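Working notes, beginning with the structure itself.
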Amino acid sequence: MLRGAAARAAGGVHSVTRAVLVTRAPADCAELEARLRPAGLAVRPYPVLRLQEADDPAGWRAIRRLLVDPPGQPWLVIASPRAPERLVRQARGRSADALLDWPAAAVGASTAAAAARAGLRTALVGHGSGLGLARELIARLAPHDPVVLACGADRRPELPEALAAAGHQVYPVVVYAMQPTPVGELPPPGPELAAVVLTSPRSAGLYLEAVGGRPLPLPHWALGSTTRDAAAALGIDCRVPVSPTMESLAEELCRT
C-alpha cells in the first residue's frame, strides 16, 4: 500500500521522467519499481553483483548429522530472497528434506514471499534487519534450540552472532554466491538520475569502483545502517529510511 508522497502521486497520471540507480539486478528491483512508478520515478538497475550457484558440502554434512536427532525445535532462518528456492532444491538433492518442515524465520517481507513460493512454512517475518530478526527469534526459541541459516557466501555476521551469543547452535549452509560484475559489463548509469540506492556494504564499494572512485553528485540512500556506515567509510554520505523496508525507502525517494 502506498502512503504519503507515493499515495498522492498515485492520484494522478505521472510520466516517468527521472530514475533511481539501484545496485541490484533487474529481478531484485521489482518491488521498489512498483512503489516508485506512481510518483514518476523509474528504477535503473546497476547490478554490481551477480548471482551464482554455490555448493557447501561441509554445511550439508553438519545438517545431516543434526537431522539424525535434533535437540528441541530447530528453526530455519532465511536471510535473503535468493536463498529459499536454492535451499529447497539442494535439501531435496541431498536427502535432507526433513528440515523443510521446520518453521522458518525470514528477514523481511520479500524474503518471506520467496520462502512461501518455495513451499517453506514461514512462522516469523522480520522487518528487514538481520539483527532485528535475531532478537525476535530469540524471544521465541527455547534454550538451546538449534538454527539452520540458509545464506550467501558473503553473509553478514550480526544475525548468526546474536543467535550464538544467546546460546543457540547455528548451522550455516551456503546456497548461493554473489560475485562482482566486471565493470565493463555494467550498463552506463544514464541521464536524469534523481538518487542512488546502495543495497549492501559490498555493493557500496563496487559501485564506487565502477563510477571511477568518486560518488555521483546525487543523494545516496542505503537500505540500513550497516550499509550506511560502510558507505561512509568509503566517503559516500548516505541517508537511511525510517525502517529498512522497500516501503519506507520508496516513501523517502518519492520526496527526492
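The values are calculated or read from the model by the stated rules, or taken from the named source; none is laboratory data. These numbers come from a predicted model, not from an experiment. Counting neighbours? That spans all protein chains shown, and the Cβs are built from the backbone with ideal geometry, glycine included.
Could you please find all residues in the range 160-198 being more than 28 Å from Pro57 (Cα to Cα) and either buried (at least 16 other Cβ atoms within 10 Å of the Cβ) or among the β-branched types (Val, Ile, Thr) (or both)?
Val183, Leu186, Pro189, Leu193, Ala194, Ala195, Val196, Val197, Leu198
Out of Thr122, Thr111, I need the residue that is among the hydroxyl-bearing types (Ser, Thr, Tyr), at pLDDT 95 or above and in contact with a strand residue (DSSP E or B) (Cβ under 7 Å, 6 or more places away or on another chain). Which one?
Residue meeting the stated conditions: Thr122.
Which of the residues that make up the range 215-225 are buried (at least 19 other Cβ atoms within 10 Å of the Cβ) and either more than 16 Å from the chain's Cα centre (by Cα) or polar (S, T, N, Q) (or both)?
Pro215, His220
Which ones in the range 181-197 are in contact with a strand residue (DSSP E or B) (Cβ under 7 Å, 6 or more places away or on another chain) and assigned to a loop (DSSP other than H, G, I, E, B)?
Thr181, Pro189, Gly190, Glu192, listed by residue number.
Looking at the range 238-256, I want the residues that are modelled with pLDDT under 90 and have a partner that is among the hydrophobic types (A, V, I, L, M, F, W, C) and crowded, with 21+ Cβ neighbours inside 10 Å with Cβ atoms under 7 Å, at least 6 apart or on another chain. Which pairs are those?
Listed pairs, sorted by first residue: Pro244/Leu223; Met246/Leu32.
I'd like to verify a number: residues in the range 41-67 that are out of contact with any Leu (no Cβ under 6 Å at 6 or more places or on another chain) and either over 17 Å from Val173 (Cα atoms) or part of a strand (DSSP E or B) (or both), how many?
Of the residues in that region, 9 qualify.
Just a yes or no: is a residue in the range 61-81 over 30 Å from Pro187 (Cβ atoms) and among the acidic types (Asp, Glu)?
yes
Look at the range 157-171 and say how many of its residues are more than 11 Å from Val147 (Cβ to Cβ) and either outside the structural domain of Arg65 (by TED's automatic domain parsing) or of a type in the set (Ser, Thr, Tyr) (or both).
Of the residues in the range 157-171, 0 are more than 11 Å from Val147 (Cβ to Cβ) and either outside the structural domain of Arg65 (by TED's automatic domain parsing) or of a type in the set (Ser, Thr, Tyr) (or both).
Out of the residues in the range 226-256 that are of a type in the set (Ser, Thr, Tyr) and within 14 Å of Ala204 (Cα to Cα), which is surrounded by the most Cβ atoms within 10 Å (Cβ to Cβ)?
The residue in question is Thr227.
Can you work out which of the residues in the range 112-159 that are in a loop (DSSP other than H, G, I, E, B) and among the charged types (D, E, K, R) is surrounded by the fewest Cβ atoms within 10 Å (Cβ to Cβ)?
Asp154
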